[in-house]
1. So, Val387, is that one assigned to a helix (DSSP H, G or I), β-branched (Val, Ile, Thr) and under 19 Å from Trp280 (Cβ atoms) or not?
2. So which of Ala206, Ala235, Ala268 is aliphatic (A, V, I, L, M), surrounded by fewer than 16 Cβ atoms within 10 Å (Cβ to Cβ), touching a residue at least 12 places away in the same chain (Cβ under 8 Å) and closer than 30 Å to Gly44 by Cβ?
3. If you check Leu366 against the conditions, is it within 20 Å of Arg279 (Cβ to Cβ), out of contact with any Phe, Trp or Tyr (no Cβ under 6 Å at 6 or more places or on another chain) and surrounded by 12 or more Cβ atoms within 10 Å (Cβ to Cβ)?
4. Take the residues in segment 190-249 that are closer than 22 Å to Val30 by Cβ and acidic (Asp, Glu); name whichever of them is nearest to the chain's Cα centre (by Cα).
5. Considering Arg354, Arg279, Arg265, Arg342, which residue is under 27 Å from the mean Cα position of the chain (by Cα) and among the basic types (Lys, Arg)?
6. Tally time: how many residues in segment 287-335 are more than 23 Å from the chain's Cα centre (by Cα), open to solvent by less than 10 Å² (accessible area, probe 1.4 Å) and farther than 22 Å from Val345 by Cα?
7. Looking only at residues that are among the charged types (D, E, K, R) and in a helix (DSSP H, G or I) in segment 547-593, which one is surrounded by the fewest Cβ atoms within 10 Å (Cβ to Cβ)?
8. Please determine whether any residue of segment 214-224 is in a helix (DSSP H, G or I) and acidic (Asp, Glu).
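The values are calculated or read from the model by the stated rules, or taken from the named source; none is laboratory data. Just so it is clear, the structure is predicted and the values come from calculations on it, not from any experiment. Backbone-built Cβ (ideal geometry, glycine too); neighbour counts: all protein chains shown. Heavy atoms of the whole protein, side chains included, go into the accessibility calculation; ligands, DNA and RNA do not. Shrake-Rupley method; radii C 1.70, N 1.55, O 1.52, S 1.80 Å.
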Amino acid sequence: MSETDQPPEKPPMDAPIRSSADDKLGRAPVAQHFAESIRELDAGEGMVVGVVGPWGHGKSSFINLMREQFEREPKLTVIDFNPWMFSGSNQLVNFFLTEIGAELDVKSRSKFGQAADWLAKYAGILKPVSQVVPIPGAGIAGEAASAIIAGIADTTDANLSAKKVREKITQELAALTEPVVVVVDDIDRLTTPEVREIFKLVRLTASFPNIIYLLAFDRVRVEKALTEDGVPGRAYLEKIVQLSFDVPQAPEMLLRSQVFDELNRVIAPVAAVELDEDRWADAYFEIIDPLLSNMRDVTRYAISSKSTIKNLGDEVDLVDLLAMEAVRVFRPDLMQRLATLRSEVTNTRSSSSRKDVDAQKAIDALLADFPEDTTLIKALFNRLFPVALQYVENNSYGSDWLGVWRTAHRMAHIDYLNLYFDRVAPDALVAFRSTEGAFAVLGDAEALKSYLSEQEPRDLEPILEGLTGYESKFTAEMIVPGSRTLLNFIDKIPLNENGGMFGLSRPDLTVGRVVLRMLRKVEDEAVREALVAEILAGIETYSSRLDFIYSVGHREGSGLKLVSKSFSQQLQDELVEHLAESPPAEPEREWDAWRIYDALRESTGESPLTAESDPVIIRSILRSTRSTARSQSMGSRRVKREDRLAWDLVVGLFPSEDAVREAVNSVRQKLGEDEVFELAEKYLDGWRPEQF
């Protein structure tokens, strides 16, 4: 295999491993042994098992490794319950029991059907019960609450009481030959009230026979959440969790080897990059290594620094970049302060000149405000910004060093430090986390729609752009729901104009890059065509449908030929025919209204619009042909903007320019004033741009 035929490197992912094939820490044998020991326990009265460890220690990965043992014969049924999908006691109990019942039904109707039905009934009866299940502060209050529950169980009787339904569930579950494992992960990411709700739920249902709860959590975080009224959370936790395993921290040597492997992947695409080996070891062990404590940190560091290394790796010293990226990712507050001290850490002085008093105060304030990072700050001064040593030691660096640092592209020179700060967005880590969240629900249309709807509109484009980095992780299950949802969001993404000459974004291109990367994962053309048809059926606007058809088809200059030419033409013909019969249901959402009606004009050879056409459609067409031209005079920083319309294209959809005039006047009367109407009026009055 030639070098060019090598498969692309998988990008680092901050996600749990799925199988022992991905186990780089050698935990698979331990996880499977622990899973085997769980099998051997008597779950006749239920069992609660904890997989415990600090955030980022690999609890989710450890549970996934345990699953491999559960898959062995006799195979155990494993159900995953996502605690993030509820809010409040009533919803939690109802959702949990209903979800478990539904999952059992799906796994095997014949095996679990009766238990699933009884669980659904129990969910309806017990909606209010969880509100009185005691959390820490047990004692008399706990006994009283238990009495209340018993009362409800005996008296909540429509056709059957809760007590009788529970007996039926117990009877059905006790008859199982193998236990059912219920995995509840990410408990430590919940809020304190939500953590309490989860453990109230477990306490309420833990005694069901042949149900093994497998809970993943940070012991310190959960014990703190469960502590109340002087009663330690640990005591409460010990009453619930009968068996636990503490996931160990990765060995330092193994962790470092993973760091170097990930950094090699990050650096590989940068052509002209060199590592100053004389400085690297000291910078790594004094700055980077102390900030990494687990595999999640390693992955997070690699992912977050990737774009910076890609953009600046051949312009700024690599040791400086890697060290500063570690600080940016793990000490963002410190990084923000350093950004305000650029001159203080780069201004040289000779040994005979006096120190800058204001700079000394600024450095003293830095050390005072970050006392826990004093060692890290001094390491940064020593390895990256030697000028700053004059404020903590008696060292000094004269201006003759500036040439050395400039030649080496070191951040010790203000030009390169400015280049770093000015090209790295302060909220890059936030954007990554948002992209990670979108990827996590890419295969669930409703969840993805909900997640994107919660984001600030201005953040949507960078979030979606970040999804292209997940290409190697795209699965077939993501293609249809992910593509439909993203294509339906194009009209909700605002055009992002910055202050420069080249500031116009293209949401359709951003979405298209993600959608087309997903489709390219499918090699068979017939399968792709079936997926394309399925995606089209769920797209809500003609604009996104036509754009999608053009992108996957054979259109000159834009089609990627992911489907056959005849199939592409068929789709286009069907869309045009449908448009002729059924105008857009939501014309205000047609972000490329001109193009869809131009396709209709090309098909019929006739002007598709008149002055009597839907006024919202006419406004959408004008908006879709609007653009902003930018110009900048020599020697001036001021960027001039001039709004324009693709006027000839607009007129081409009407019988004549007089018809356009009549249409614009009519629409203004019906919809009120709009900037695009004023712009159209200028064209109707004979105005044309200078470079028309």
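1. Values: assigned to a helix (DSSP H, G or I): yes; β-branched (Val, Ile, Thr): yes; under 19 Å from Trp280 (Cβ atoms): no.
No.
2. Ala235 is the lone residue from the list that is aliphatic (A, V, I, L, M), surrounded by fewer than 16 Cβ atoms within 10 Å (Cβ to Cβ), touching a residue at least 12 places away in the same chain (Cβ under 8 Å) and closer than 30 Å to Gly44 by Cβ.
3. Working: within 20 Å of Arg279 (Cβ to Cβ): no; out of contact with any Phe, Trp or Tyr (no Cβ under 6 Å at 6 or more places or on another chain): yes; surrounded by 12 or more Cβ atoms within 10 Å (Cβ to Cβ): yes.
So Leu366 fails the test.
4. Asp218
5. When all the criteria are applied, what remains is Arg265.
6. 0
7. Step one: of segment 547-593, the residues among the charged types (D, E, K, R) are 547, 555-556, 561, 565, 573-574, 577, 581, 586, 588-590, 592.
Still in the running and in a helix (DSSP H, G or I): 547, 565, 573-574, 577, 581, 588-589.
Numbers: Asp547: 24, Lys565: 11, Asp573: 12, Glu574: 14, Glu577: 12, Glu581: 7, Glu588: 13, Arg589: 19.
Across segment 547-593, the extreme among qualifying residues is Glu581.
8. Within segment 214-224 (the criterion being in a helix (DSSP H, G or I) and acidic (Asp, Glu)), the answer is yes, since at least one residue qualifies.
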